[in-house]
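To start, the structure under review is shown below, and the notes come after it.
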Amino acid sequence: MKTKAPLRCALVGTDTLRGKELKGVLEDKRFPAQVMEFYDTDVEEEFSKLTEFRGEPKVIHPLDKSLLDGLDIVFLAADPKLNRELGRLAREGRFRAVDVAESFGGDASVPVVVVGVNDERTRRLNPRLAANPHPVTVILSHVFDALRGPYGIAKALAFVLEPASLGRVFL
């Protein structure tokens with residue numbers, strides 16, 4: 001029986017809200033990463049910022065793109081401009097990346113992955129770069145996927161309003 005090699009991963013954008021949330025999910029779900037490195041663009045000096053992962057202190061490194069080369073998965077939770085730049089490097093084959101910050105919305109060349117809904121398509125495409133949709137889309141995808149079989153739903157349309165407290169204020 002062939003065993004899979006342990007995953008070597010990184011999270012770029014550790015201190016963003018999505019980065020913090022993703023780090024928590026990876027811990028809670030016991031994501032099988034042997035190596036998990038953390039990077040953030042606001043870290044200027046090595047060893048100046050720490051986080052915790054699986055009960056152990058971890059250094060948040062300043063971003064050096066060359067350190068991502070050869071990693072199995074790089075989670076992109078930084079700002080959209082940086083995520084798109086790192087996505088380009090992933091497409092070049094330097095590493096595989098998953099965008100969790102919606103940086104590739106509208107880019108039809110980047111497959112949108114909803115685990116448990118379109119797994120087979122994702123395995124078939126085997127992309128170097130994949131994107132997670134908005135969290136509401138993930139929830140609705142699971143609901144509609146469950147209803148598709150018994151009720152024959154072929155298409156659904158949803159209109160989601162963002163709370164005013166999270167939106168822009170116009171004066």
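The values are calculated or read from the model by the stated rules, or taken from the named source; none is laboratory data. Just so we're clear, the structure is a prediction, and the values are computed from it rather than from any experiment. A quick note on method: Cβ atoms are made from the backbone with ideal geometry, for glycine too, and the neighbour counts reach across all protein chains shown. Remember, those area values only see protein heavy atoms, side chains included, never the ligands or the DNA or RNA. Shrake-Rupley method; radii C 1.70, N 1.55, O 1.52, S 1.80 Å.
Here are a few things to note about the model shown:
- The single condition among (1) touching a helix residue (DSSP H, G or I) at 6+ places or on another chain (Cβ under 6 Å); (2) without any contact (Cβ under 8 Å) to a residue 60 or more places away in the chain that VAL74 does not satisfy is (2).
- The number of residues in region 52-69 that are under 18 Å from ALA97 (Cα atoms) and aliphatic (A, V, I, L, M) comes to 3.
- Exactly one residue out of PHE95, PHE159, PHE104, PHE144 is farther than 19 Å from PHE31 by Cα, under 19 Å from the mean Cα position of the chain (by Cα) and aromatic (Phe, Trp, Tyr), and it is PHE104.
- Among the residues making up region 119-161, those that are open to solvent by less than 70 Å² (accessible area, probe 1.4 Å), more than 20 Å from LEU17 (Cβ to Cβ), in contact with a helix residue (DSSP H, G or I) (Cβ under 8 Å, 6 or more places away or on another chain) and part of a loop (DSSP other than H, G, I, E, B) are ILE153, ALA156, ALA158.
- Restricting attention to region 107-134, the residues being under 19 Å from LEU26 (Cα atoms) and of a type in the set (Gly, Ala, Ser) number 3.
- Options ASP40, ASP15; residue that is touching a His at 6+ places or on another chain (Cβ under 9 Å), surrounded by 10 or more Cβ atoms within 10 Å (Cβ to Cβ) and either of a type outside the set (Gly, Ala, Ser) or touching a residue at least 24 places away in the same chain (Cβ under 8 Å) (or both): ASP40
- Pairing residues of region 141-153 that are in contact (Cβ under 8 Å) with a residue 24 or more places away in the chain with residues that are open to solvent by less than 70 Å² (accessible area, probe 1.4 Å), at Cβ distances under 6 Å and at least 6 apart in sequence or on separate chains, gives SER141/VAL114; SER141/VAL117; ASP145/VAL117.
- The number of residues in region 63-92 being closer than 16 Å to GLY19 by Cβ and open to solvent by 30 Å² or more (accessible area, probe 1.4 Å) comes to 5.
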